[in-house]
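All remarks here apply to the structure that follows.
The values are calculated or read from the model by the stated rules, or taken from the named source; none is laboratory data. Note that this is a predicted model, so its numbers are computed, not measured. Quick reminder, even Gly has a Cβ in these numbers, built from the backbone with ideal geometry, and neighbours come from all protein chains shown.
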Amino acid sequence: MRVEHFLEASAQVCPDKLALIEGGNRLTYRALDEAARTLAAALAERGVARGDRVVIFADNCWEAVVGLFGALKAGAVFCMVNPSTKAEKLRFILDDCKPTAVITIARLLATARAALAEQAFVKTVLVAGGKTDLAANETPFAEALAPREKPLRFAGIACDLAMLVYTSGSTGFPKGVMMTHQNVVAAATSITTYLDNTPDDIILNVLPISFDYGLYQVLMAAKVGATLVLEKSFAFPQAIFNRIRAEKVTGFPIVPTIAALILQMRDLKPGDLDLRYITNTAAALPPAHIQRLQELFPATRLYSMYGLTECKRCTYLPPSELKSRPSSVGVAIPGTEAYVVDDNGEKVGPDVVGELVIRGPHVMKGYWRNPEATDRALRPGPHPWEKVLHTGDLFRTDADGFLYFVGRKDDIIKSRGEKVSPKEVESVLFQLEGVKEAVVIGVPDPVLGAALKAVIALAPGVALAERDVIRHCAARLEDFMVPKFVEFRAELPKTDNGKISRRETALLEAQS
């Protein structure tokens, strides 16, 4: 099976069912499939061939969804790029993957043009939305959807590359994660299995579809024949909740920053929203946030999950285990294996901290044009025919095999000769009433080597002093884990995916 078959199968089974709701646009599965098929033919006419890359530089709009399925139907490899990406980074991505076509929207055209300056490999640029003066190789997206007498007939195979997803590039320029159709089908099948997704689900997505967590909401909805409600962001929570009620939404994927905003809403009462499930990934939810979410959504299944771009999803915690293991991210997703190893690659027992390794059909093929980085991440596995993914994340298991995130290898802070996991300290900070966001970093100290500094953003109307935070931590943590410094900020820096950026926080600290 290939990824575009998700859409084609649902269009055949339920052609008149709503597939996508975006703003005032409501597309049935038949309409979405026909638009993607027409676009595929238009791309082929403009020089897109099997294996070529199609970059989609857009926000959460229906054209982007048509674009990704159209690219796949043309046998191409799609690459979603976050709409907040600046010209320099976009230029790097374009130079790296050398797309034959770019799909963008009118408000981003200036950035796209700046990144595309003097690039000969892009044969066509399709521009959606708004009216603007277009250059010779630029075509209105609507024109590419004009009916064609001879629709494209394409047959690829499952081991073809389906998509490139560029990582956030915390150690430099971003890397393109290569995912085949087999990879995507395996991941989507596994996730929809444990979420019990059905055609009756209505999923609301506020996450950027350039972010693989948001992207998979599109792919998984198409796979099971569900309805996807696509929103631009969570900037106006009350409007989103009104949308959830109006569309009778059943599934709501979130990240910790969204959870923090939800918990600030004073007028939201327990049971106000009738959701079947909520999922969380990108970073672990603090146990204190989990408890409060369960109080607000008593009849809703809450899934704590962990994943990374290189394999989409690694683990999930069954909701039945949430009460007894609130700080766990669970077990390996169905059809895969997750285990912890020491520095020699040997599996370790319970409560021993080591690196998490992932084995399964969802593991990437490598990084695009970057064999050195590929070799660091994909290493020989327990069998001679395979390579497994070394995540770079430190984990431990409990006696029952449930996994617990400790921190990134690079994030561990050595203070007083002791290794400190910032996440453990942050979990305690989130227990303090009024803490909206928190991150812990290490700052140089002549005596301690590195002193712990807590950087905190408070909820509106909350007043806390440095001594309040230190006293709270001292009552709950070992002395070497208590922050020496506390700084309050209005907001903490975040990645494009909405995740608090420890790296950017540390850089700001170093520059101050």
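Is at least one residue of segment 401-420 touching a residue at least 24 places away in the same chain (Cβ under 8 Å), assigned by TED's automatic domain parsing to the domain that holds Val341, touching a Cys at 6+ places or on another chain (Cβ under 9 Å) and surrounded by fewer than 19 Cβ atoms within 10 Å (Cβ to Cβ)? Checked against the condition, which is being touching a residue at least 24 places away in the same chain (Cβ under 8 Å), assigned by TED's automatic domain parsing to the domain that holds Val341, touching a Cys at 6+ places or on another chain (Cβ under 9 Å) and surrounded by fewer than 19 Cβ atoms within 10 Å (Cβ to Cβ), segment 401-420 yields no hits at all. So, Arg369, is that one farther than 20 Å from Ile412 by Cβ and in a loop (DSSP other than H, G, I, E, B) or not? Yes; evaluated as a whole, the condition is true for this residue.
The condition (being on the phi > 0 side of the Ramachandran plot and either in contact with a helix residue (DSSP H, G or I) (Cβ under 9 Å, 6 or more places away or on another chain) or not polar (S, T, N, Q) (or both)) is satisfied by just one residue among Asp375, Asp351: Asp351. Among the residues of segment 73-92, those that are surrounded by 22 or more Cβ atoms within 10 Å (Cβ to Cβ) and among the hydrophobic types (A, V, I, L, M, F, W, C) comprise Ala74, Ala76, Val77, Phe78, Cys79, Met80, Val81, Leu90. Quick one: which residue in Val348, Val331, Val357, Val340 is among the aliphatic types (A, V, I, L, M), surrounded by 13 or more Cβ atoms within 10 Å (Cβ to Cβ) and farther than 23 Å from Tyr194 by Cα? Being among the aliphatic types (A, V, I, L, M), surrounded by 13 or more Cβ atoms within 10 Å (Cβ to Cβ) and farther than 23 Å from Tyr194 by Cα holds for just one of Val348, Val331, Val357, Val340, which is Val348.
Scanning segment 173-184 turns up no residue that is free of Cβ contacts under 8 Å to residues at least 12 places away in the same chain, assigned by TED's automatic domain parsing to the domain that holds Phe57 and surrounded by fewer than 18 Cβ atoms within 10 Å (Cβ to Cβ).
For segment 359-394, the candidate set comprises residues that are touching a Leu at 6+ places or on another chain (Cβ under 7 Å) and within 14 Å of Phe405 (Cα to Cα); within that set, the residue that is modelled with the lowest pLDDT is Asp393. Those helices (runs of 4 or more DSSP H) of segment 1-102 in which 3 or more residues are of a type in the set (D, E, K, R) and in contact (Cβ under 8 Å) with a residue 40 or more places away in the chain are absent.
Any idea which of Thr167, Thr193 is in contact with a Pro (Cβ under 8 Å, 6 or more places away or on another chain), at pLDDT below 95 and not charged (D, E, K, R)? Outline the logic, then answer.
Values: Thr193 fails: at pLDDT below 95.
Result of the check over Thr167, Thr193: Thr167.
Can we say Leu432 is touching a strand residue (DSSP E or B) at 6+ places or on another chain (Cβ under 9 Å) and on the phi < 0 side of the Ramachandran plot? Answer is yes for this residue.
Is at least one residue of segment 424-438 of a type in the set (Phe, Trp, Tyr), within 28 Å of Gln264 (Cβ to Cβ) and in contact with a helix residue (DSSP H, G or I) (Cβ under 9 Å, 6 or more places away or on another chain)? Before you say what the answer is, go through the steps one by one.
Residues of segment 424-438 of a type in the set (Phe, Trp, Tyr): 430.
Narrowing the set further to residues that are within 28 Å of Gln264 (Cβ to Cβ) leaves 430.
Narrowing further to those that are in contact with a helix residue (DSSP H, G or I) (Cβ under 9 Å, 6 or more places away or on another chain): 430.
Yes; the residues of segment 424-438 include at least one that is of a type in the set (Phe, Trp, Tyr), within 28 Å of Gln264 (Cβ to Cβ) and in contact with a helix residue (DSSP H, G or I) (Cβ under 9 Å, 6 or more places away or on another chain).
Hey, any hits in segment 148-167 for a residue that's β-branched (Val, Ile, Thr), buried (at least 18 other Cβ atoms within 10 Å of the Cβ), in a helix (DSSP H, G or I) and not assigned by TED's automatic domain parsing to the domain that holds Leu389? Please lay out each step first, then the result.
Within segment 148-167, the first condition is being β-branched (Val, Ile, Thr), and the residues that meet it are 157, 165, 167.
Next, only the ones that are buried (at least 18 other Cβ atoms within 10 Å of the Cβ) stay: 165.
After this cut, where a residue has to be in a helix (DSSP H, G or I) as well, the list is none.
No, the conditions are met nowhere in segment 148-167.
Scanning segment 103-142 for residues that are without any contact (Cβ under 8 Å) to a residue 40 or more places away in the chain and in a helix (DSSP H, G or I) gives Ala106, Arg107, Leu109, Ala110, Arg113, Ala114, Ala115, Leu116, Ala142.
Taking the stated definitions as given, is Tyr306 in contact with a Cys (Cβ under 6 Å, 6 or more places away or on another chain) and closer than 21 Å to Val184 by Cα? Yes; evaluated as a whole, the condition is true for this residue. Could you grab me the full set of residues in segment 193-212 that are β-branched (Val, Ile, Thr) and farther than 25 Å from Ala58 by Cβ? Correct list: Thr193, Thr198.
The single condition among (1) surrounded by fewer than 23 Cβ atoms within 10 Å (Cβ to Cβ); (2) modelled with pLDDT of 95 or more that Glu45 does not meet is (2).
On inspection, Pro270 does not qualify as under 23 Å from Lys499 (Cα atoms) and of a type outside the set (A, V, I, L, M, F, W, C).
Each residue in segment 393-432 was checked for being over 27 Å from Ala338 (Cα atoms) and assigned to a loop (DSSP other than H, G, I, E, B), and 5 pass.
Scanning segment 285-310 for residues that are in a loop (DSSP other than H, G, I, E, B) and buried (at least 23 other Cβ atoms within 10 Å of the Cβ) yields Leu285, Pro286, Gly307, Glu310.
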